[in-house]
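Below is one structure, written out as structure tokens, with a few remarks after it.
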Amino acid sequence: METAAASPVSVADGGFRVAVRLTPRGGSNKVQGVAFDAQGTALLRASVTAPPEDGKANAALVKLLAKELRVAKSAIAIVSGHQSRNKLVELQLSAASDRERIEKWGASLK
């Protein structure tokens, strides 16, 4: 995984992966910055108002990231951590302009 000096965004086949620490029922839908776990892994802190039941918080996270990153919801998939606060989200992007925008966004989170 990434170190404390790294961004929560990493390059993956066909796109990017984002390590996320999600707070359901967080009072608002927003990206709050970067946090680090006990191992020093960078995590994007996000909160959603949806409860952590029936996939509602996960769906809200996908919607939040789609809005924040200006990509289609269909380009975003939660690949691990479906029932955990820590999640790994994959962004599948084909356009070079999308990739450049996400790289800049990831770099700005450091």
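The values are calculated or read from the model by the stated rules, or taken from the named source; none is laboratory data. Treat the numbers as computed from the prediction; the structure is a model and nothing was measured. We place every Cβ from the backbone using ideal geometry, glycine too, and count neighbours over all the protein chains shown.
Across the stretch 72-106, what is the total count of residues that are among the hydroxyl-bearing types (Ser, Thr, Tyr), modelled with pLDDT of 80 or more and exposed (fewer than 11 other Cβ atoms within 10 Å of the Cβ)? The number of residues fulfilling the criteria is 1.
Search the stretch 82-110 for residues being touching a Lys or Arg at 6+ places or on another chain (Cβ under 9 Å) and touching a residue at least 40 places away in the same chain (Cβ under 8 Å), and hand back the single one that is farthest from Ser28 (Cα to Cα). Ranking the candidates gives Leu93 first. The residue that is farthest from the chain's Cα centre (by Cα), counting only those in the stretch 5-41 that are small (Gly, Ala, Ser), at pLDDT below 90 and buried (at least 16 other Cβ atoms within 10 Å of the Cβ), is Ala6. Among the residues making up the stretch 11-31, a single one is of a type in the set (S, T, N, Q) and touching a residue at least 60 places away in the same chain (Cβ under 8 Å): Thr23.
Answer with yes or no whether Leu69 is closer than 22 Å to Ser108 by Cα and in contact (Cβ under 8 Å) with a residue 40 or more places away in the chain. Against the criterion (closer than 22 Å to Ser108 by Cα and in contact (Cβ under 8 Å) with a residue 40 or more places away in the chain), Leu69 does not qualify.
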